[in-house]
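The values are calculated or read from the model by the stated rules, or taken from the named source; none is laboratory data. Remember, predicted model here, so these are calculated numbers, not experimental data. We place every Cβ from the backbone using ideal geometry, glycine too, and count neighbours over all the protein chains shown.
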Amino acid sequence: MHTYLKFGGLMVLIVGSLVWLAVGGVKETKTYYKTIPELQQMGKAARQGRVRVGGDVKPGSIVKNGSQVSFVLHQGATTLNVVYSGMDPLPDTFKDNSQALADGRLGPDGVFEATKVQAKCASKYESKPVQRVTHVASVASN
């Protein structure tokens, strides 16, 4: 009986540790996509946790300085200065007018400090136009 209690206690400890790690990992990687106006409305909350913000890369704003890249995201007239200093190279689709997501924190100076940047080429991900096919029924005349 004593052996079963030890085994049961060990199993509870192992399963509990795995659940704790899984829940902690999900909370750490969970970030929501915010627009630039939503980010600005968050106030201090934007500086406290990780945030993912999206917008279009303003033409001519990409400046590479060593391993650091700065650029401006915009949505209409609203802009956000972003500084990326992550370890991963920027994607090939990251260029002027591309849609981009920056993952990081808003700094005290109002500059978004990104640790991860994702970009996509709008034309690559647009749905293909629907082609309508007209079926012509041919009637055999006898």
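Scanning the stretch 5-63 for residues that are at pLDDT 85 or above and in contact with a helix residue (DSSP H, G or I) (Cβ under 6 Å, 6 or more places away or on another chain) gives Leu39, Val53, Gly55.
Can you name the residue in the stretch 104-114 that is within 15 Å of Tyr33 (Cα to Cα) and more than 11 Å from the chain's Cα centre (by Cα) and is also surrounded by the fewest Cβ atoms within 10 Å (Cβ to Cβ) among such residues?
Ranking the candidates gives Arg105 first.
Scanning the stretch 101-114 for residues that are more than 15 Å from Lys44 (Cα to Cα) and out of contact with any Lys or Arg (no Cβ under 8 Å at 6 or more places or on another chain) returns a single hit, Ala114.
Taking the stretch 1-98 as the region of interest, the helices (runs of 4 or more DSSP H) fully inside it that hold 1 or more residues being not assigned by TED's automatic domain parsing to the domain that holds Val111 are 2-29. One residue stands out in the stretch 45-97 among those that are farther than 19 Å from Gly110 by Cβ and of a type in the set (Ser, Thr, Tyr): the one that is nearest to the chain's Cα centre (by Cα), namely Thr93. Does Val15 fit the bill of being out of contact with any His (no Cβ under 7 Å at 6 or more places or on another chain), among the β-branched types (Val, Ile, Thr) and surrounded by 13 or more Cβ atoms within 10 Å (Cβ to Cβ)? For Val15, the condition - out of contact with any His (no Cβ under 7 Å at 6 or more places or on another chain), among the β-branched types (Val, Ile, Thr) and surrounded by 13 or more Cβ atoms within 10 Å (Cβ to Cβ) - is not met.
Among the residues here, Ser123 does not qualify as part of a loop (DSSP other than H, G, I, E, B), modelled with pLDDT under 85 and among the polar types (S, T, N, Q).
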